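What follows draws every value from the coordinates through simple rules; no lab data is involved. Treat the numbers as computed from the prediction; the structure is a model and nothing was measured. Heads up, the Cβs are rebuilt from the backbone with ideal geometry, glycines too, and the neighbour counts pull from every protein chain shown.
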Amino acid sequence: MPRSRWSRSPLTGTDGYTPAELDAAQARLGLPLPAALRDAYQLLGQRHDLTDNQDSLLAPKDLYLDADRGVLIFRVENQSCAYWGIRVTDLDQDDPPVVVRADLVRPTADDWAAWLGRVSVAFVLSESLCADEDLMGWVTPDDTDLPEDIAATFRRLPLPEYPISQQPGSRWYAHDEIILRDDRGTAMFRARTEAAFDRFDGADDDDEED
C-alpha cells in the first residue's frame, strides 16, 4: 500500500520524554526549561525520525550550558559544526528566541547569533523533511528554472525564513503532496507518497532533457 503520511507513524503518548525527566534536567542544570521547549520534548523528543536526521536534538540528560556565553544548548549539527540554544537571560520566556553559532575558532568570543524568534518554529520542520530518504530529493538551478517555477507553482507556507549563514534564509513551499525548502538556489523536497515523488522528480528529468 502506498505510504500516505508525512511521518512513519502518528505521534503517540510514548514518543516524548516524561515530566520527571525534564524536571531532572532542570535540577541538574539549575535552570528552568521554557514551556515551549518542555512541550516539544514531551510531545516528540524521542521520535528520532523527526528530530535526529541531519542534526541531533539532545536528550534532556545531555542538555548543557555554554557558561562563558550564557546559552543553554539543545541541538548540535551532526558533525558538531553548529549549535543551537537559548540564552539564559531568555529562559523565563514561554517561547524564547533561538540563537546559533558555528564551531568556535576563538573560544572566548561570543559568536552566538540570532536564528529564529521562537523555539516553537525552530524545532522540527527541517528534520522531518529529511526523515525518509526514499521520498526526499534535491533540485538545483541546473534541473529547472527554480525560483520562477516555485513562485508560479507552489504555495508559500506561512513560516519564517530559516536563516543560513551569510545568505538569505530558506523559504518553505507546498504543492501537490510536496513540501519544498528553497535555499535560494538549491531546493530540498519531500513527497507524501511514492506517486507524488515520481511525478515531481520526473518533471525535473523532463526539464533536463528539454
message: What distance in nm lies between label points placed 7 Å from Cα along the C-beta direction at Thr18 and Asp68?
response: 3.8 nm
Estimated vicinal HN-Hα couplings, Hz - region 31-48 in sequence order (Karplus 6.51, -1.76, 1.60; Gly, Pro = x): 9, x, 9, x, 4, 5, 5, 4, 4, 5, 4, 6, 7, 8, x, 9, 8, 5
